[in-house]
Amino acid sequence: MTTVQEITSESTFKSKISSLPPATLAVIYFHAPWAAPCKQMSVILSTLASTYPADAPIAFLALDAEELPDVAEQYDVTAVPFIVLQKEGKPLETVSGSDAAKVRAAVEKYAGAGSGDAKTGLPPAQTVTKPPPSQQSATDGSRNLAAYAPSASEQKTAPEYSSGDTSKEELHKRLGELVKAAPVMLFMKGTPSAPQCGFSRQTVSILREKGIRYGFFNILADDEVRQGLKEYSDWPTFPQLYADGELIGGLDIVREEFENDPDFLSEHSVNANKGGPGAASAQTQAPQAA
């Protein structure tokens, strides 16, 4: 039977894709291992793959979108799970989300039905939904860092992790302060000058293009914040963008908001204060834990 092959490097992916016969359908699955919908999709694809014999003209490939950001960006992946069906190097169809019926229908459309009956036990879909806006307003004591520009010594990688001894209440208090550290706060992998994942890089590019002032926090520098913010915001992926302490969402939501409203976040733009078409976005880093 066919199995799902985990691809761990860009070179392995290129080699695998180039070695596939022209008639072979490549099912390219982008995921994030810690996301619940992706865990479900992994079960769906493993079950679906098992219905095809080992010599069937179909290959199931799984890629961690955050570990292989260049490949994810190549396929315009903005949310996970995300599946690309491809033949002869050309994408045929994409499926976003964890709807088993949609995935099976798309695969069978190009590869035919598998010979097994395991597909009848595929689980129902799961989705990640945006939480309702928080009713909590920013306090007068919140630090407004948006007016500052990054220094020349801005760190390019995470220096160290926090101790892990913080209680849940203390962590949530700290997170509540961090999301309000600037009127617009971006929690990302890496820094604006050196993003460490494709999603973060694309979000920075959008904010820069729109001239938005924002603060940022490198979640790779603090694993407590990285893990705690998923629960605090009820949003499992990064980057995460906040405005006035309220979650906007990730890359796909940010992109959609700007597409639907050209004036989205305009009150936080550089032009709102300084004016001039040549003004660039300003960033500052929220303090990391020692």
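Measuring nothing but how far apart in sequence close Cα pairs (under 8 Å, 6+ apart) lie, relative to its length, segment 4-111 scores a relative contact order of 36 percent.
Between Lys90 and Asp234, the modelled labels are 4.5 nm apart [label points 7 Å from Cα along Cα→Cβ]. For a Förster distance of 35 Å, can you work out the FRET efficiency between the beta-carbons of Ser193 and Tyr110, rounded to the nearest 0.05? Efficiency computed from Cβ-Cβ geometry: 0.25.
Beta bridges per DSSP, both residues in segment 167-268: antiparallel share near 70 percent.
Looking at segment 4-111 alone, DSSP beta bridges between its own residues are antiparallel in about 50 percent of cases.
Every Cα-Cα pair in segment 167-268 was counted, and those over 24 Å apart are 16% of them.
Tell me, what is the FRET efficiency for Glu267 and Thr24 to the nearest 0.05, using R0 = 41 angstrom and their Cβ-Cβ distance as r? Calculated value: 0.20.
Our estimate of slack between Glu257 and Glu67, defined as 0.36 nm per intervening residue step minus the Cα-Cα distance, is 65.8 nm.
Magnitude of the charge dipole for segment 183-244, about its Cα centre and with charges confined to Cβ atoms of Lys, Arg (+1) and Asp, Glu (-1), is about 340 debye. Note on Ser205 and Lys14: with the Förster distance fixed at 35 Å, the Cβ-Cβ geometry gives a FRET efficiency of about 0.90.
Based on Cα contacts under 8 Å between residues 6+ apart, segment 187-265 shows a relative contact order of 30 percent.
Rule-based calculations on the coordinates, nothing more; no lab input. In this text the structure is predicted, and so the values were computed from the model without any measurement. Heads up, the Cβs are rebuilt from the backbone with ideal geometry, glycines too, and the neighbour counts pull from every protein chain shown.
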